[in-house]
Amino acid sequence: MNEFKHFINGEFIASASGKTFENRCPVDNSLIGAVYEAGRDEVDAAVKAAKAALQGPWGKMTQAERITLLNRVADRINERSDEFLAAECRDTGKPYSIARHIDIPRGAANFKAFSETLANHPTEAFRMDTPDGEGAINLGHRSPKGVVAVISPWNLPLLLMTFKVGPALACGNTVVVKPSEETPATATLLGEVMNECGVPAGVYNVIHGLGPNSAGEFLTTHPLVNAITFTGETRTGEAIMKAAAVGLRNISMELGGKNPALVFADCDLDKAVEGTMRSAFVNCGQVCLGTERVYVERPIYEAFLARMKDAVAQLKLGRPEDPAANFGPLVSLAHRDKVKYYYDLAVQEGARVEIGGGIPDMGAELNDGAWIEPTIWTGLADDARVIREEIFGPCCHIRPFDTEAEVIALANDTEYGLAAAIWTENSSRAVRVAEQVEAGLVWVNSWFLRDLRTAFGGAKQSGIGREGGVHGLEFYTELKNICIKL
Ligand code: NAD
């Protein structure tokens, strides 16, 4: 049986307690292996290793040397892409056809893109006048924050984890990663890659475990952790903020969403349907940026709905390795219970189930897996819980609207503010509406089109701070002003 150990100070180690939890594959609920659960001692060892590594060869490297190492890490992930792919798809059940193009190559790219951005970012300098006429020069100097705790979710495990580890290391920090308990594999495999590439011991550490009263809490409350970057649910973010308040540690929060799509009658209908299908259903709807509320201008409402239903009927559920499959299971049976709860709630709240709504019959071999039908509803009231709460499953509600002002108000009628998609061929309208939608990311005539140099993060209860490109510098470095009197 596979064993997932912690990766601390360059070595794979078991928990002293011997305590493990099961890791199961959501495709058929088969046992993948046992994951060691870190206690306070393992977390302490990982944080201390990370702290010590700041003073070792890593801390003495030039930026160019660090970048060379991180580029090697990216190359090595790509060389071992088949192993990363198999590990990621076993943990999540997602189709190879998707993970091969998104999760693994983008996970590797995160080590290159941020290094390049940071290497090319200028240092701030201001010449100032002084009463003696000689003047002074102010020079901005950035140093690493120190030990960064990285807490990541299960939906895009490698990609979202390296989105933080890449810039953290590029800036000279060391990290302790706590991957989701559902998806321990690729973070562990990355430990092997770090050793193969010669990244010094203690720079990248991984501890496994759960959240409260387990590895997550032990890590976020550890006094030697200098900053915490978190991606996950808003309520977990609140708990981590409370932990970070002690000792006044920096936080970066990428949280939940209830993202709208605004489909205007002057859109290109083919593109709008294709894009909304992806934004609502890719990765079985488990994408933080995904669309769960679709608003369609009334003249094209019926046509749009009919096209979406046809497209959902074409989705092919199947095993990750099935090349024809483009739709996998949810990440776990526990998450399936949550999503199914909302499917039942939608009916109770008066939804019309346009397609889906249940658990599919996948045949004897797969029926124990976390499968669920892709689902479209109509007819819900704007204050229904299904419209207001994040479901994080393959489902959306489609509702007609009549005016631009109305749809902007509807889009903003949520506690969240992560992402939005606008579909229109009228560029003036696109900009006007995009500027009024309360979200950190707005796509016009596209979705999930990402340039790693741009800011990434959410408004309202979807997050605090921005990562991506030079924006990550604010979180991953300490900016010091050096004032030199001439
Ligand atoms: P989650 O909040 O349940 O767990 C995320 C991580 O936090 C896991 O590693 C978990 O073990 C850990 N954790 C849980 N409680 C903790 C605690 N008290 N202290 C420390 N760590 C703790 O989220 P999830 O279910 O893994 O992921 C899905 C959620 O993530 C959704 O809400 C989704 O919208 C959000 N998400 C957001 C983004 C973004 O960029 N904004 C990206 C992906 C996912």
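Every number in this text was worked out from the coordinates using simple rules, so none of it is lab data. On a predicted model such as this, the values are computed, not experimentally measured, just so you know. Cβ sites come from the backbone with ideal geometry, for glycine too, and all protein chains shown count toward neighbours.
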Just to verify a number: FRET efficiency for residue 30 and residue 141, C-beta to C-beta distance, R0 = 60 Å, to 0.05? 0.70
Equivalent-ellipsoid semi-axes of the stretch 160-247, from the Cα gyration tensor, Å, largest first: 22, 15, 11
Checking rank on 97-103, 398-404, with mean other Cβ inside 10 Å and highest first, the result is 97-103, 398-404
Unit Cα scatterers, Debye sum, the stretch 184-314: log10 I(q)/I(0) for q = 0.09 Å⁻¹: -0.48
Mind pulling the angle between the C-alpha long axis of helix 333-348 and the longest principal axis of the chain? Nearest 10 degrees, somewhere in 0 to 90. 40
If each residue's Cβ is checked for other Cβ atoms within 10 Å, how do 62, 231, 117 rank with the fewest at the top? 62, 117, 231
Ordered by packing density, taken as the mean number of other Cβ atoms within 10 Å over each peptide's residues, highest first, how do 178-190, 73-85 rank? 178-190, 73-85
Please list, in order, the residues from the stretch 318-360 whose amide nitrogen is less than 15 Å from a point placed 7 Å along the Cα→Cβ vector of residue 385. 337-351
Once you sort the root eigenvalues of the Cα gyration tensor of the chain as a ≥ b ≥ c, which label holds: rounded (a/c under 1.5), prolate (a/b larger than b/c) or oblate (the other case)? oblate
Overall form of the stretch 302-371 per C-alpha gyration tensor (a/c, 1.5; a/b vs b/c): oblate
Given a Förster distance of 60 Å, the FRET efficiency implied by the Cβ-Cβ spacing of residue 3 and residue 483, rounded to the nearest 0.05, works out to 0.65
Two pseudo-spin positions, 7 Å from Cα along C-beta at residue 126 and at residue 474, lie apart in nanometres by 1.7
Could you check the simple spin-label distance between residue 41 and residue 367, using points 7 Å along Cα→Cβ, in nm with one decimal? 4.6
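Restricting to the chain, compute how many DSSP beta bridges are antiparallel as a %, nearest 5.
If we restrict to bridges inside the chain, about 40 percent are antiparallel.
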Give me the one-decimal nm value for the distance between modelled label points at residue 17 and residue 68, 7 Å along each residue's Cα-to-Cβ direction. 4.3
Label zone at residue 432, where the point sits 7 Å out along the Cα-to-Cβ direction: the stretch 263-287 residues whose backbone N lies under 15 Å: 264-267
Using the Cα gyration tensor of the stretch 104-218, with a ≥ b ≥ c the square roots of its eigenvalues, what is the shape: rounded (a/c below 1.5), prolate (a/b larger than b/c) or oblate (neither)? prolate
What list of ³J(HN,Hα) values in whole Hz, one per residue of the stretch 379-396 in order, does the Karplus curve 6.51 cos²θ - 1.76 cosθ + 1.60 (θ = phi - 60°) give from phi, with Gly and Pro shown as x? x, 7, 6, 5, 9, 5, 4, 5, 7, 9, 9, 5, 9, 6, x, x, 7, 8
Counting pairs of alpha carbon atoms under 8 Å apart in space and at least six apart in sequence, what relative contact order in percent does the stretch 111-173 give? 40
Acute angle (nearest 10 degrees) that the helix 298-314 long axis makes with the longest principal axis of the chain, alpha-carbon atoms: 80
Any chance you could give the angle, 0 to 90 degrees and rounded to 10, that helix 185-197 forms with the longest Cα principal axis of the chain? 30
Estimate the FRET efficiency between residue 195 and residue 338 by the formula 1/(1 + (r/R0)^6), using the beta-carbon distance for r and 45 Å for R0, to the nearest 0.05. 0.75
Residue-averaged 222 nm ellipticity for the chain, from DSSP H runs of 4+ at -39500 (n - 2.57), nearest 500: -12000 deg cm²/dmol
Could you give me the percent of Cα pairs per 10 Å distance bin for the stretch 77-118, shortest bin first, beginning at zero and ending with the bin that holds the maximum distance? 31, 48, 18, 3
Length-normalised contact order for the chain - Cα pairs under 8 Å, 6+ apart - percent: 19
